[in-house]
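The values are calculated or read from the model by the stated rules, or taken from the named source; none is laboratory data. None of these values were measured; they are calculated from a predicted model. With ideal geometry, Cβ positions are generated from the backbone for all residues, glycine too; neighbour counts draw on all protein chains shown.
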Amino acid sequence: MSQHRRPPTDWSSKLDGAWGHARAFFRKRSPVVFFSNERFWEEHGFVQRSLAYALANEGIEVIWVDGAGWRSYTPVVPNRPASLRVVKALQLPMRRVGVLGRLSRLLEARSVKSFLARGKDPFFWVFGGMAEELAEKLPPADVYSVFDNPYANLPDAGLCRHAKAIVCQNEYAEKLFATRAGDKTRRLLPPVEVPRDVAESVTSLPATFPKQVLGYVGAFLGEGLDFEFIEETLVQFPQWGILLVGRTDEAGEAKVQKLSKFPNFHRVGWQSRDRALAYWNVIDVAFFPYGESMGQDGAFAVKILEALYFNKPVLCTEVPKTQDLNEYVGFVENIDELRTALERWQEIPPVSDEEFWKLAWEMDPRVHLARIAGVDV
């Protein structure tokens, strides 16, 4: 059986109250046009997409403009609300070459403007960055959400200079942007809803796998985790197994393959979210051995919400994406600190329900939207 926290009895009514005024705001400003350089993969990219779904599920017109690549494609969006439309920004092949590049930006700008023209006062929201040449050809964004890479668009360049608001996920990125755009920079935790559906069982771990398990559930990049630290942990603590669950990139697959020789290492590839969440039931300690990665300096370790939802103690390295987590985690920077932590892991005081639901409130997509709308919640 899944052992996770239960929401307070007034949780739903409080969210409905916070969301009511924001819903009216976005309905008045529809369509809400999201521009993203990420493809629309509903199962994988649930963080950014959660905002689109929260709005579209209320009947508010949402247009997701995919600016990744030039090839036209029609995404398969499971359970797509009727008011959610996913479109491809028009681009040309060889768009980085001279005249073709300039023409491609003009066509892309024209296609984005055509979607904005669907409303009298549309809300324009940029996710994760945009080419400056394109930003200069478009109306100012109502919101630029920095997300993971805080260096994609510099604070004094066109997108940030013209944007009405800049939203960062962590304190490091907030300070970076506040130096040049302090009056319109704010920090909001990334929008992640508390899990609703959790599979009750998972494929069993190998019979010889250690009984004590350090685990990481979620996507990861080859440069995003400290694989040298992981390997040292496998060598130094054979009585502990390390379980990684989630998709990765080509570099990550190569590094995972090197670890497969260790009998106390086990990897499970991509799973639907309800199946992936169920793996927390076989994990004793959440282990987030993040490495230094500039492309993640603006991120927030969203998996903290799931780990704490399942009442797991959390050990992690300290990098920009985890520096805001000091009240929820134990930081371990080397093998000796990890050894000390594992010797007393059962004594680590749990995060209280009050603290957890406060974090969950700040991360709920509807609260995120309410704060963007200016609602005091």
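Considering only segment 251-297, state which residues are of a type in the set (V, I, T) and either touching a residue at least 60 places away in the same chain (Cβ under 8 Å) or closer than 15 Å to H4 by Cα (or both). Quick ask: steps written out before the conclusion?
So the first thing to find is which residues in segment 251-297 are of a type in the set (V, I, T), and the list is 256, 268, 282-283, 285.
Of everything in segment 251-297, those that are of a type in the set (V, I, T) and either touching a residue at least 60 places away in the same chain (Cβ under 8 Å) or closer than 15 Å to H4 by Cα (or both) turn out to be V268, V282, I283, V285.
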How do the pairs read when you match residues in segment 353-373 that are more than 23 Å from F310 (Cβ to Cβ) and touching a residue at least 60 places away in the same chain (Cβ under 8 Å) with residues anywhere that are acidic (D, E) and buried (at least 22 other Cβ atoms within 10 Å of the Cβ), using Cβ under 7 Å and keeping only pairs 6 or more apart or on different chains? none
Single match in K321, K358, K312 (criterion: assigned to a helix (DSSP H, G or I) and among the basic types (K, R)): K358
All conditions in (1) in contact with a Gly (Cβ under 9 Å, 6 or more places away or on another chain); (2) under 22 Å from W345 (Cα atoms); (3) modelled with pLDDT of 95 or more are true of P238 except (1)
I'd like to know if segment 352-359 contains one or more residues that are modelled with pLDDT of 95 or more, surrounded by 22 or more Cβ atoms within 10 Å (Cβ to Cβ) and over 20 Å from the mean Cα position of the chain (by Cα). no
Of the residues in segment 30-61, those that are buried (at least 16 other Cβ atoms within 10 Å of the Cβ), within 23 Å of E362 (Cβ to Cβ) and either hydroxyl-bearing (S, T, Y) or at pLDDT 90 or above (or both) number 12
Give all pairs with beta carbons closer than 6 Å in which a residue from segment 113-134 that is farther than 18 Å from A173 by Cβ meets a residue that is of a type in the set (D, E); count only pairs at least 6 apart in sequence or on separate chains. F123/D142; F124/D142; L134/E108
Scan segment 315-332 and give yes if some residue there is over 24 Å from D148 (Cα atoms) and touching a residue at least 24 places away in the same chain (Cβ under 8 Å), otherwise no. no
Conditions (1) among the aliphatic types (A, V, I, L, M); (2) under 23 Å from P191 (Cα atoms); (3) in contact with a Leu (Cβ under 8 Å, 6 or more places away or on another chain); number of the one not met by A278: (3)
Flag for D376 being part of a loop (DSSP other than H, G, I, E, B), without any contact (Cβ under 8 Å) to a residue 40 or more places away in the chain and either charged (D, E, K, R) or surrounded by 12 or more Cβ atoms within 10 Å (Cβ to Cβ) (or both): yes
For segment 295-345, enumerate the residues that are of a type in the set (S, T, N, Q) and under 18 Å from F220 (Cβ atoms). Q296, T317, T322
